[in-house]
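Following: one structure in structure tokens, then a few remarks.
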Amino acid sequence: MQDVIAEGRHHNLDRDRFLGRLALMHRIRAFEEEAIAAQKDGLVLGAIHPSIGQEAVAAGVCANLEPADLMLSTHRGHGHTLAKGADPLAMMRELFGRAGGTCGGKGGSMHIADFGVGMLGANGVVGANIPIAAGAAHAQKLQGSRQITVCIFGDGAVNRGPFLEGLNWARVFDLPVLFVCEDNGFSATTRTREMTGGEGAAARAESLGLEAQEVDGNDVVAVDAAARAAIDAIRAGQGPRFLTCHTYRMTGHTAVDPATYRPAQEVDEWRGNCPIARLEVALRLAGESDARLSALQAQESGAMAAIAQAARDTGWPEATGAFTDVQDIGDPRERAF
């Protein structure tokens, strides 16, 4: 947190703006903590990939988007989805497989989506959201829209084919898309740098002609500024942009992963670099009171606890719902491509 203090940015900090970012980060963390607790109680089946420790990326990027902008996320997508404006109760119901979930209880954690707020979906396949984002942005360009698409993925995705294909397509056609690499240093349980040739994600993006920037992903002030500048440039017709946010997940790859492959000292050091704590320091130095900061955390924690309880009390979907949302294009013998 020393960079926030040393640079003196707290003197000019937009307190209202970043109190909103702080509330959002508390909401994301509290949602994740409630989801983990629910999984321990057997209410969530399948994997949960918490974003605890990475809240500044979601808050700094997504809060700069307009409602009609589009976004695609990863298997670690709860925070991004909340930041895009999805209803946390509908999200929690989705995790529980209950009626009223964002996808009718059918998608769960890794496939959560909410088209109503422009969230086109999380994705359980690493990197698969990148070419989808290029397609969405291409549609926006063809339609003459001022809206943009944001695609968030982890550092492990840069070693998969869709990364090259999606970024190349976006550059060739100058698409209105912001690619955000949420770089937490690990591809599941392996350090990404041990399996990545060259200088990393930003260098690869630059090799394809994209303007790329790297930023401290635990500093929401820095993420906010970089994302806002990139989004403004894209919206002005200056083509795709690439942003790498260096961060760290405080949990294992999944909620049940003990992460014994990481040194305890390393984890402790990153806990001391908590994005929420760093913003609280900056806000205090800007004149915000401890009472208001504490009230924000209590408000969001209480709201997410109530939402988790409401999701627990929600019934199951009707059995007939199993027959909806099923694609049927007819007999392929009669309707070939």
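The values are calculated or read from the model by the stated rules, or taken from the named source; none is laboratory data. Everything quoted here is computed from the prediction, not taken from an experiment. Heads up, the Cβs are rebuilt from the backbone with ideal geometry, glycines too, and the neighbour counts pull from every protein chain shown. We work out accessible area using only protein heavy atoms, side chains counted, and drop any ligands, DNA or RNA first. Shrake-Rupley method; radii C 1.70, N 1.55, O 1.52, S 1.80 Å.
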For the stretch 118-146 the number of residues that are buried (at least 20 other Cβ atoms within 10 Å of the Cβ) and more than 19 Å from E165 (Cβ to Cβ) is 3
Residue under question is A225, and the condition is that it be among the aliphatic types (A, V, I, L, M), within 18 Å of the chain's Cα centre (by Cα) and open to solvent by 40 Å² or more (accessible area, probe 1.4 Å); does it hold? yes
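So which of T260, T254 is more than 22 Å from the chain's Cα centre (by Cα), part of a loop (DSSP other than H, G, I, E, B) and of a type in the set (V, I, T)? I'd like the intermediate steps shown before the answer.
Numbers: T254 fails: more than 22 Å from the chain's Cα centre (by Cα).
The unique qualifying residue is T260.
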The condition from (1) in contact with a Leu (Cβ under 7 Å, 6 or more places away or on another chain); (2) of a type outside the set (G, A, S); (3) assigned to a helix (DSSP H, G or I) that L243 misses is numbered (3)
Going through the stretch 76-117 one residue at a time, which ones are of a type in the set (A, V, I, L, M), open to solvent by less than 40 Å² (accessible area, probe 1.4 Å) and over 16 Å from E33 (Cα atoms)? A83, A86, A90, A99, I112, A113, V117
Residue in the stretch 231-248 that is farthest from P176 (Cα to Cα), counting only those that are of a type in the set (G, A, S) and open to solvent by 50 Å² or more (accessible area, probe 1.4 Å): A236
Can you tell me which residues in the stretch 146-191 are under 20 Å from G237 (Cβ atoms), free of Cβ contacts under 8 Å to residues at least 60 places away in the same chain and either acidic (D, E) or in a loop (DSSP other than H, G, I, E, B) (or both)? F173
Residue set E66, E55, E34; condition open to solvent by less than 20 Å² (accessible area, probe 1.4 Å), among the charged types (D, E, K, R) and modelled with pLDDT of 95 or more; output residue E55
Hey, does the stretch 94-106 have a residue that's more than 21 Å from T244 (Cα to Cα), under 17 Å from the mean Cα position of the chain (by Cα) and touching a residue at least 40 places away in the same chain (Cβ under 8 Å)? yes
Pull up the stretch 274-310, narrow it to residues that are touching a Lys or Arg at 6+ places or on another chain (Cβ under 9 Å) and not in a helix (DSSP H, G or I), then point me to the one that is surrounded by the fewest Cβ atoms within 10 Å (Cβ to Cβ). G287
